[in-house]
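Chemist: First the structure, which I've put down as structure tokens, then a few questions once you've had a look.
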Amino acid sequence: MTSKLQVTVPQKIAKQYGIRPGDDIEWIPAGDAIRVVAARTASGQSTQSERQERLRLFDLATERQRQRDVKRPQAPARERGWKREDLYQRGRTD
């Protein structure tokens, strides 16, 4: 699990259950365990139009973030009075 609480599905399992990048999965509490289920449509498969819509929404969100980043000015780098190397010796008496 990453610091963003993202989980990687092992490739063998993803292939076995037909899970692809962009697919939704459900996390279902099951007593002392968690059951992971690939979310499917009534027919059992994600439709091409659903996948395209998710990709379109992702692209829109990505573009909005780019626009926010352009508007946000970058603060100039400032002198901190110390260097990273100084941290390695900090608190050492030898």
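Chemist: Please go through the stretch 1-35 and give me each residue that is among the small types (Gly, Ala, Ser), in a loop (DSSP other than H, G, I, E, B) and at pLDDT 90 or above, ordered by number. Before you say what the answer is, go through the steps one by one.
Modeler: Here is the first cut: in the stretch 1-35, the ones among the small types (Gly, Ala, Ser) are 3, 14, 18, 22, 30-31, 33.
When the remaining residues are screened for being in a loop (DSSP other than H, G, I, E, B), the result is 3, 18, 22, 31.
Of everything in the stretch 1-35, just one residue is among the small types (Gly, Ala, Ser), in a loop (DSSP other than H, G, I, E, B) and at pLDDT 90 or above, namely SER3.
Chemist: Let me ask you something else. Taking the stretch 47-87 as the region of interest, how many residues are under 30 Å from ILE19 (Cβ atoms) and assigned to a loop (DSSP other than H, G, I, E, B)? I'd like the intermediate steps shown before the answer.
Modeler: We begin by selecting, within the stretch 47-87, every residue under 30 Å from ILE19 (Cβ atoms); these are 47-66.
Checking which are assigned to a loop (DSSP other than H, G, I, E, B) leaves us with 47.
So the count comes out to 1.
The values are calculated or read from the model by the stated rules, or taken from the named source; none is laboratory data. The structure presented is a predicted model; accordingly, all values stated were derived computationally and were not measured. As a convention, Cβ positions derive from the backbone with ideal geometry for all residues, glycine included, and neighbour counts pool all protein chains shown.
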